[in-house]
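The values are calculated or read from the model by the stated rules, or taken from the named source; none is laboratory data. Predicted model, so just to flag it, every value in this text is computed and none were measured. Ideal geometry is used to build each Cβ from the backbone, glycine not excepted, and the neighbour counts take in all protein chains shown.
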Amino acid sequence: MVKRENSPIEPFIRLDMMPSVWCPGCGIGVVVNTFLQTVQRLKFTAGDICLASSGISCTGKIADYLTFKRVDAAKQDVFKAALDFKRKNKGLKVVVFANDNDLLASGADGLIDLCRSGADVVVVYINSYTYQLFTEHRKFNTAPFIRNTKVPELASPFNLPHLAAEYGASYVARWTPLHCRRLSFSIKEAFFHKGVAFIEVISPCLMYFSSEQGPGITLDRMGLYLSRAVIKENEPFGNLDTRNKKEIIIGRFLNG
């Protein structure tokens, strides 16, 4: 019998929960694997990091599969829960995994307050394009987003790097699952960065991808990232609207 070699990231995974609910080809798995590989290389333990999770949608399930400490934010805004926890546990690395559904459920005020706080919190926002799916197909007459805050022009759900930077995030980057090495480098930088670090990962839900591009296969999806993603370091935030169909601008835009 051949002995199975343990993966270096296995201590961070709840193997009893596998397989996950994520569809084959979904970018969430790539993001989680990249995150765990980065944590392992940095020699962190599961006890060094706390994940804040709302439990909403596929991204909200990430904490269920991992052995890190967690803040269950099922009954409140996930960004507010992360901020409250960080203020009480300054020695822990706090990471929020979120996506469009968190903003649809709670609005963006919690994210804005977190960015304004200057707390050392890492936000990995997996942009599933769910917000665009709902608004473009008119499921909502007016999709909820900002409830109590006036935002400047261009600070919109379609330009989250701009929104985060406008309200005080001091590290802002955007990648796709195909750019996992660059994503890993950004996660490493974010862990040791002072203030809120906001990393967006463009990874459209397979429902959105099928409606826009046809069924296709995972390689087709990755091919679009390769052909349309353009790295532009320090690109002006006004140019980062995700409704730009010509190219996906990625890179590190702010490292204050």
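Out of the residues in region 159-183 that are surrounded by fewer than 19 Cβ atoms within 10 Å (Cβ to Cβ) and not charged (D, E, K, R), which is farthest from C26 (Cα to Cα)? Show your work before the answer.
Keep residues of region 159-183 that are surrounded by fewer than 19 Cβ atoms within 10 Å (Cβ to Cβ), which gives 166, 168, 170, 181-182.
Retained after the next criterion (residues that are not charged (D, E, K, R)): 168, 170.
Working: G168: 31, S170: 29 Å.
Going through the qualifying residues, I end up with G168.
For region 83-94, the set of residues classified as under 16 Å from the mean Cα position of the chain (by Cα) and either under 20 Å from S20 (Cα atoms) or free of Cβ contacts under 8 Å to residues at least 40 places away in the same chain (or both) is empty.
Taking region 26-55 as the range and being aliphatic (A, V, I, L, M) and in contact with a strand residue (DSSP E or B) (Cβ under 8 Å, 6 or more places away or on another chain) as the test, the residues that pass are I28, V31, V32, L36, V39, A46, I49, L51, A52.
Within region 47-66, being closer than 18 Å to A190 by Cβ and over 14 Å from the mean Cα position of the chain (by Cα) holds for D48, I49, C50, L66. Test of understanding: among L133, L104, L42, L83, which residue is modelled with pLDDT of 95 or more and closer than 20 Å to E200 by Cα? Only one candidate passes the filter, namely L83.
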